[in-house]
Amino acid sequence: MGENPDTVGCKPTEIAGVYRCATLPKPHSAFEFYAVKSTPETGICWVKGIGTDIDTNAAGSSIRSKVDELGEQIALTYGKSEHDDWLMPGSIWSDYEDWMMGLLKDERIYAYKWSDPAKNALVLVYLSASASNSTTAYPVVEFSFSNKAKCDELIKKQEAGSF
């Protein structure tokens, strides 16, 4: 939290306040690259790890297993989490073999959330499954720090300056 993204080797993207990082000081093998949000006033306020692609079946067995495994690892540091595994009401992707299509169409959530990790000024840790297509998915983890609200406000003001 609060560091300059340049000091950890992150490069700016075309999105205001977002930097892409090939690695971070404590990388995890499940994640291909990282993104951080930062402003000059707040420094880094949010970190997101984008996982490597996992081939899975229509029921999402492999990605669910990977997210569960990562959730167990994160719980060793941050304790008990809330687990979400639900399909939006009215979704047509309700059959077992439609699990991945629900994920791909943003109608299914498979995630773990630590709302009060109480470590290193963290306010939220969120781990979820995302889909690239109906047979490929990847894990995503986000760490939000106590300076994120101020950071988001400053980025929004910066973007508004475009008008």
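The values are calculated or read from the model by the stated rules, or taken from the named source; none is laboratory data. In this text, all values refer to a predicted model and were calculated from it rather than measured experimentally. A quick note on method: Cβ atoms are made from the backbone with ideal geometry, for glycine too, and the neighbour counts reach across all protein chains shown. Just so you know, the surface numbers come from the protein's heavy atoms only, side chains and all, with ligands and any DNA or RNA stripped out. Shrake-Rupley method; radii C 1.70, N 1.55, O 1.52, S 1.80 Å.
Report the net charge of residues surrounding VAL47, where surrounding means a beta-carbon distance below 13 angstrom and charges are Lys +1, Arg +1, Asp -1, Glu -1. Don't jump to the answer; show the numbers that get you there.
Details: positive: ARG20, LYS26, LYS37, LYS48, LYS148; negative: GLU3, GLU142.
Local net charge: +3.
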The chain: relative contact order as a whole-number percent, Cα under 8 Å and 6+ apart: 23 percent
Considering only protein heavy atoms and a probe of 1.4 Å, how much of the accessible area of segment 88-163 is carbon and sulfur, as a whole percent? 52 percent
ASP6 versus GLU69, label points 7 Å from Cα toward the beta carbon: distance in nm? 3.9 nm
Charge dipole (debye, nearest 20) of the chain; +1 at Cβ of Lys and Arg, -1 at Cβ of Asp and Glu: 560 debye
Report ³J(HN,Hα) in whole Hz for each residue of segment 150-158, in order, from the Karplus equation J = 6.51 cos²θ - 1.76 cosθ + 1.60 where θ = phi - 60°; Gly and Pro get x. 5, 4, 4, 4, 5, 5, 4, 5, 4
How many angstrom lie between the Cα centre of segment 81-147 and the Cα centre of segment 1-62? 17 Å
Starting at the first residue of segment 101-116, write each ³J(HN,Hα) from the Karplus equation 6.51 cos²θ - 1.76 cosθ + 1.60 with θ = phi - 60°, in whole Hz, x for Gly and Pro. 5, x, 5, 4, 8, 6, 10, 10, 10, 9, 7, 10, 9, 10, 7, 9
Grab the Cα-Cα distance for LEU76 and SER94, subtract it from 0.36 nm times how many residues apart they are, and report the gain in nm with one decimal. 3.2 nm
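Determine the shape class of segment 67-163: with a ≥ b ≥ c the square roots of the Cα gyration tensor eigenvalues, call it rounded for a/c under 1.5, and otherwise prolate if a/b is greater than b/c, oblate otherwise. Don't skip to the end; give the middle numbers.
Numbers: a/c = 2.55, a/b = 1.31, b/c = 1.96.
Judged from the Cα gyration tensor, segment 67-163 comes out oblate (a/c at least 1.5, b/c at or above a/b).
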Read-out Cα extents along the principal axes in Å, derived from the coordinates shown; its label in (i) 67, 34, 33; (ii) 48, 41, 27; (iii) 69, 46, 25: (ii)
Point-charge dipole on Cβ atoms (K/R +1, D/E -1) for segment 85-147, about Cα centre, debye to 20: 280 debye
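Counting Lys +1, Arg +1, Asp -1, Glu -1, what net charge surrounds PRO25 among other residues with beta carbon under 14 Å of its beta carbon? Can you show the working numbers first?
On the way: positive: LYS26; negative: GLU3, ASP6.
Here the charged neighbours net out to -1.
Count charges around TYR138 for me, please; just the other residues with Cβ under 14 Å from its Cβ, Lys/Arg as +1, Asp/Glu as -1. Provide the component values of the computation, followed by the final result.
Values: positive: LYS48, ARG64, LYS66; negative: GLU32, ASP53, ASP55, GLU69, GLU142.
Here the count lands on -2.
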Starting from one equal scatterer on each C-alpha and no solvent at all, send me the Debye-based log10 I(q)/I(0) for segment 41-81 at q = 0.19, 0.23, 0.24, 0.33 Å⁻¹, two decimals. -0.74, -0.88, -0.91, -1.08
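What is segment 103-159 by shape, rounded, prolate or oblate, if you read a ≥ b ≥ c off the alpha carbon gyration tensor as root eigenvalues and call it rounded for a/c under 1.5, prolate for a/b larger than b/c, and oblate otherwise?
Numbers: a/c = 3.27, a/b = 1.55, b/c = 2.11.
The shape class here is oblate.
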So what are the ³J(HN,Hα) numbers for segment 41-49, from phi and the Karplus equation (6.51, -1.76, 1.60; θ = phi - 60°), rounded to whole Hz, Gly and Pro as x? 6, 9, x, 5, 10, 7, 10, 10, x
Would you work out which of PRO5, CYS21, TRP93 lies farthest towards the positive end of the dipole of the chain, given +1 charges on the beta-carbon of Lys and Arg and -1 on that of Asp and Glu, about the Cα centre? PRO5
Provide, for the chain, the number of lysine pairs with alpha carbons under 18 Å apart, each pair being eight or more places apart or on different chains. 24
